[in-house]
Amino acid sequence: MLDKLTQLEDEVRSCNLPEFQKQELMIHIDNLRTELISSEEHSNPVKNAFNKLRLAVLEFEKDHPTLTKNVNEISTMLSNMGI
């Protein structure tokens, strides 16, 4: 959908309209883009939350490499025991 809005912007820029009308159309296109991006973020809160969790884990691993290594080893050991 964002690609379609970009195509529409290109068409508006190249069309034969007065400049003020082009500017009005571009404002509406920008508003649509903003609403679309916002709705995509809210329409899939699970994916958004998962991405935030993944980033937090990566940050934690970077800040605490030894602890992360030990927890991973314990998790693997428990998994191999069937727990």
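The values are calculated or read from the model by the stated rules, or taken from the named source; none is laboratory data. Owing to the predicted nature of the structure, the values given are computational and were not obtained by experimental measurement. Please note: Cβ atoms are built from the backbone with ideal geometry, for glycine as well, and neighbour counts cover all protein chains shown.
General observations
- Some residue of segment 33-47 being among the aliphatic types (A, V, I, L, M) and touching a helix residue (DSSP H, G or I) at 6+ places or on another chain (Cβ under 9 Å): yes
- Verdict on N48 being part of a helix (DSSP H, G or I), among the polar types (S, T, N, Q), touching a His at 6+ places or on another chain (Cβ under 9 Å) and surrounded by 11 or more Cβ atoms within 10 Å (Cβ to Cβ): yes
- Scanning segment 2-45 for residues that are surrounded by 11 or more Cβ atoms within 10 Å (Cβ to Cβ) and not in a helix (DSSP H, G or I) yields a total of 2.
- Filter pass, T68 being in contact with a helix residue (DSSP H, G or I) (Cβ under 6 Å, 6 or more places away or on another chain) and either of a type outside the set (A, V, I, L, M) or at pLDDT 90 or above (or both): yes
- Segment 71-83, residues that are exposed (fewer than 11 other Cβ atoms within 10 Å of the Cβ), aliphatic (A, V, I, L, M) and either assigned to a helix (DSSP H, G or I) or modelled with pLDDT of 90 or more (or both): I74, M77, L78, M81
- So F50, is it of a type in the set (F, W, Y) and out of contact with any Ser or Thr (no Cβ under 8 Å at 6 or more places or on another chain): yes
- So E59, is it under 21 Å from the mean Cα position of the chain (by Cα), closer than 28 Å to N72 by Cβ and not in a loop (DSSP other than H, G, I, E, B): yes
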